[in-house]
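Every read-out reported here was derived from the displayed coordinates using simple, explicitly stated rules and does not represent laboratory data. Quantities reported herein were computed from a predicted structural model and do not represent experimental measurements. Every residue, glycine as well, gets a Cβ built from its backbone with ideal geometry; the counts of neighbours run over all protein chains shown.
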Amino acid sequence: MAADEVYRRDPAEQIRRYTILGYASKNVTEHLEYAPEKFPKAIELLKSRVESDEHYLLRHLPVIISQMKKYNKKISSLEKIKMFSPMYRKSSTELDERLTIQLNDLLI
């Protein structure tokens, strides 16, 4: 399935509907674009494979750390990450805890 291929490739951008459809055959893409009502199970499967904002922020954290190192930015806390990358500013308290754990693991 196209979604599996997208996740295997670990793209830099967030995995959205059109990211997945970009890996599907033209025939599948056209069917889902022009007659989605005929393929409700496929549409539901596609929706279920779209990456959440939270998952993207967790998956993208190593990239942000790499960019910060490239620009000689100090990586000592999640607050420093939030100052460097605005997309992390909208994270919830629960996600902040998970990001902090992952950040600590990556910095060891």
Inset, instruction - Hand me the tally of lysine pairs in the stretch 1-105: alpha carbons under 16 angstrom apart, and the pair either on different chains or 8 or more positions apart. - result: 8
Legend entry - Mean ellipticity per residue at 222 nm, deg cm²/dmol - from DSSP H runs of n ≥ 4 across the chain, formula -39500 (n - 2.57): -20000 deg cm²/dmol
Inset, instruction - For a footprinting-style exposure proxy, rank Thr29, Thr93 by other Cβ within 10 Å, fewest first. - result: Thr93, Thr29
Inset, instruction - Compute the acute angle (0 to 90°) between the alpha-carbon long axis of helix 93-107 and the principal axis of greatest extent of the alpha-carbon atoms of the chain; round to the nearest 10°. - result: 70 degrees
Legend entry - the stretch 1-107: GluC sites (Glu not before Pro) in DSSP loop, at most 10 other beta carbons within 10 Å: Glu13
Legend entry - Kirkwood estimate for the stretch 53-107, i.e. one over the average of 1/r between Cα atoms, Å: 11.0 Å
Legend entry - Rg/Rh for the chain, where both radii come from Cα atoms and Rh is the Kirkwood radius: 1.09
Legend entry - Qualifying chymotrypsin sites (Phe, Trp or Tyr not before Pro) in the stretch 1-83, DSSP loop, other Cβ atoms within 10 Å at most 14: Tyr71
Inset, instruction - Specify which residue in the list Leu103, Thr19, Met83 is farthest towards the positive end of the charge dipole of the chain, using unit charges on the beta carbon of Lys, Arg (+1) and Asp, Glu (-1), about the Cα centre. - result: Met83
